[in-house]
Amino acid sequence: MIHNEMSRRRLLGLGLGLGAAATLTLAGCGGGDDSSGPAAAGNGGKDYTGPKVDLKLWNGFTGGDGEIFKTLVNQFNSEHQNIAVSVATYQWEDYYNKLPGAASSGNGPDIAVMHMDQLATFAARGVITELDDVASALELSEGDFAPTVWKGGIYNDKRYGIPLDMHPLGFYYNKAVMEKAGLDPNKPPTTRDEYMAALTELKKSGVQGFWVSPFQFTGGMTFYSLVYQFGGSLFDAEVNKATFNSDQAVEACTWLVDMIKQGFSPANVGQDADYLAFKSGKNAFNWNGIWQVNDLKKSADIQWGVAPLPQIGSTQAAWANSHNFTIVKQRSQNANKVSASKVFINWLSQHSLDWAKGGQVPARKTVRDSAEFKALTEVNALAPELEYAAFPPAAPGLGEVMTTFYNAFNEAALGKKSPKQALDDGVAKANKQLEDNRKKYGS
C-alpha cells in the first residue's frame, strides 16, 4: 500500500515524470453518443434539460481517493437521469501523455481532471476549452474560493479550470519521539527558534529529528516552500526568468543543507526514507503532503499530529497544488455534452465535502467553512495554509522547468555543489527552457 500510494502521489507535484513510460491502468470507460443532435440551451451549468448524454471523464486518482471520487460520480448519476458519467482512471504520467492525442483523434474524454500547473500547457495546446461562462452563470467569483486557487485557473485572461481542491505540504510530528526527548508532544514548533530548539533536544536524545530528502518528494517541496518563506520566488511575475538563485533562495537552500551538516539529518536520504523513518519512530518531524493523512490514520500504533508548516523565514508559505475540472475540446463539439459537463462540474464542486475525506482541502469556501469539514480534524488542520499557499504560476511547459528546479536542489542537498552554484546552474538552464517555451507556445 505504501509503495502504491507513494508512486501515485509522486505525480501530484509540478509536472514530474510526464515523459515516463508506465503501465496503463484503465478503471472504466463508457461509450458516448457523439452525434450532434439539437443543441441544449447553454446556461453555464445551472441545469441540463436536453436529451440523455453519456459523458466520459478522465482522472488520475489511482489511490484511495479514486474510490471516493467514483462514489461521488455514482451519486451524481443517480440524481441526474439525463446524464451518465463514466470514469476512466489512469496513472497521472500516462494520463497527461495520452490526453492530447486522444482529444485530437476524437477519442478523448468530455471532462478531464487536471493539476493547476498543467492548465496553461493544455490551454496553449488547444486541448481544453474556456469556462468563463460557467463562472459567470453560477455567479462564482474569487470570493467563493481562496484567491490563489481561483487565479490559478486563468491563462491569458481566460478561465480554463474550475478548482475542486488544494493539496498542500504539511508538518507531521511524531508525538512519541518528541516526548522521549522531553518535548511537549502537543506543542509542535511553529517558529524557527522553536524548531531549532526542538531539533537540539532531539539530537541530545540520539535522534536526528528532521531528515532532509534530496528528492522532489519531499525535500524539493520543502525547499520550494522555504524559498517563499524567506521572501523569494521561483520566477519573475511574467514567468520569463527563473529567480530561484536569489539571495533569499540561496539562504533557504543553505538552511536545509545545514540541517545535514549540523547532524540534524543524515546525508544521502533515500527516496521516501524520511517518511518511513517518521512512521518507525526514527525521526520526529516530516514535511509531507496532505495525502499522507489517511495513510497515518490507518497506522494505529503511531502517535502523530499534523499542523501548518513552521515559519522558518520572514513569512508564512507552503507548497501546494490543486485539482481543477476542465472540459476537453472535441473534433465535433456536441452542445448537449458541453452543457451537461458544466452541470457535473458545478455539482461536484458543491459536493466537495466528501472529497475532502480523501485527504484534500476543498477549494470552495462554503464547504471549508462548514461544521462538517471542520470535523475532519487532520485535513482541516492544514486548511489555513490555503491563504498563503505558493501555487505554481500559469505558464505553458512549466513541468520541465520545475524538474530543473528540483534537480538543482538535489545537487545541493547531496553536496555535489554549493547551494549558490547549484541554484545558479539551475537558473541558467531554466531560463533557456523558459525561452524555448515562449517560442513553442507563442507567449
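The values are calculated or read from the model by the stated rules, or taken from the named source; none is laboratory data. Computed from a prediction, not measured in an experiment: that's the story for all the values here. Here Cβ is always computed from backbone atoms with ideal geometry, including for glycine, and neighbour counts include all displayed protein chains.
Taken over the stretch 238-271, the criterion of being of a type in the set (D, E, K, R), without any contact (Cβ under 8 Å) to a residue 40 or more places away in the chain and outside any helix (DSSP H, G or I) is satisfied by 238 alone. Being in contact with a helix residue (DSSP H, G or I) (Cβ under 8 Å, 6 or more places away or on another chain), under 24 Å from residue 151 (Cβ atoms) and modelled with pLDDT of 90 or more is true for just one of 391, 409. Which residue is that? Residue meeting the stated conditions: 391. Among the residues in the stretch 255-263, are any surrounded by fewer than 17 Cβ atoms within 10 Å (Cβ to Cβ), within 25 Å of residue 166 (Cβ to Cβ) and out of contact with any Cys (no Cβ under 8 Å at 6 or more places or on another chain)? No, because not a single residue in the stretch 255-263 is surrounded by fewer than 17 Cβ atoms within 10 Å (Cβ to Cβ), within 25 Å of residue 166 (Cβ to Cβ) and out of contact with any Cys (no Cβ under 8 Å at 6 or more places or on another chain). Does the stretch 281-303 include one or more residues that are in a loop (DSSP other than H, G, I, E, B), modelled with pLDDT under 95, closer than 30 Å to residue 107 by Cβ and not basic (Lys, Arg)? No, the stretch 281-303 contains no residue that is in a loop (DSSP other than H, G, I, E, B), modelled with pLDDT under 95, closer than 30 Å to residue 107 by Cβ and not basic (Lys, Arg).
Answer yes or no: is there a residue in the stretch 117-136 that is farther than 28 Å from residue 401 by Cβ and among the polar types (S, T, N, Q). Yes, the stretch 117-136 contains a residue that is farther than 28 Å from residue 401 by Cβ and among the polar types (S, T, N, Q). Of the residues making up the stretch 147-178, those that are within 30 Å of residue 348 (Cα to Cα) and either assigned to a loop (DSSP other than H, G, I, E, B) or small (Gly, Ala, Ser) (or both) are 152, 153, 156, 157, 160, 161, 164, 170. The residues in the stretch 391-417 that are within 23 Å of the chain's Cα centre (by Cα) and among the charged types (D, E, K, R) can be counted, and the count is 1. Taking the stated definitions as given, is residue 420 within 18 Å of residue 252 (Cβ to Cβ) and either outside any helix (DSSP H, G or I) or over 24 Å from the mean Cα position of the chain (by Cα) (or both)? Spelling it out, residue 420 is indeed within 18 Å of residue 252 (Cβ to Cβ) and either outside any helix (DSSP H, G or I) or over 24 Å from the mean Cα position of the chain (by Cα) (or both).
Taking the stretch 357-396, which residues are hydroxyl-bearing (Ser, Thr, Tyr) and either crowded, with 16+ Cβ neighbours inside 10 Å or in contact (Cβ under 8 Å) with a residue 24 or more places away in the chain (or both)?
366, 388
Of all residues in the stretch 412-443, those being under 21 Å from residue 225 (Cβ atoms) and crowded, with 19+ Cβ neighbours inside 10 Å number 8. The residues of the stretch 176-200 that are closer than 17 Å to residue 258 by Cα and not polar (S, T, N, Q), listed by number, are 192, 193, 194, 195, 196, 197, 198, 199. I'd like to check something: does the stretch 296-311 contain any residue that is under 30 Å from residue 344 (Cα atoms) and in the same structural domain as residue 193 (by TED's automatic domain parsing)? No: the stretch 296-311 contains no residue that is under 30 Å from residue 344 (Cα atoms) and in the same structural domain as residue 193 (by TED's automatic domain parsing). Going residue by residue through the stretch 204-211, is there one that turns out to be under 25 Å from the mean Cα position of the chain (by Cα), in a loop (DSSP other than H, G, I, E, B) and either buried (at least 19 other Cβ atoms within 10 Å of the Cβ) or among the aliphatic types (A, V, I, L, M) (or both)? Checked the stretch 204-211: at least one residue is under 25 Å from the mean Cα position of the chain (by Cα), in a loop (DSSP other than H, G, I, E, B) and either buried (at least 19 other Cβ atoms within 10 Å of the Cβ) or among the aliphatic types (A, V, I, L, M) (or both). Return the residues of the stretch 330-356 that are assigned to a loop (DSSP other than H, G, I, E, B), charged (D, E, K, R) and crowded, with 17+ Cβ neighbours inside 10 Å; say none if nothing qualifies. None; the set is empty.
Criterion first (outside any loop (DSSP other than H, G, I, E, B) and touching a Phe, Trp or Tyr at 6+ places or on another chain (Cβ under 6 Å)) does residue 220 satisfy it?
yes
In the stretch 179-190, is there at least one residue being in contact with a strand residue (DSSP E or B) (Cβ under 6 Å, 6 or more places away or on another chain), over 30 Å from residue 341 (Cα atoms), assigned by TED's automatic domain parsing to the domain that holds residue 292 and part of a helix (DSSP H, G or I)? No, that holds for no residue.
Between 135, 198, 120, the distinction of being assigned by TED's automatic domain parsing to the domain that holds residue 345, part of a helix (DSSP H, G or I) and touching a Pro at 6+ places or on another chain (Cβ under 7 Å) belongs to 120 only. Exactly one residue among 103, 124 is touching a residue at least 12 places away in the same chain (Cβ under 8 Å), of a type in the set (Gly, Ala, Ser), surrounded by fewer than 24 Cβ atoms within 10 Å (Cβ to Cβ) and closer than 21 Å to residue 336 by Cα, and that residue is 103.
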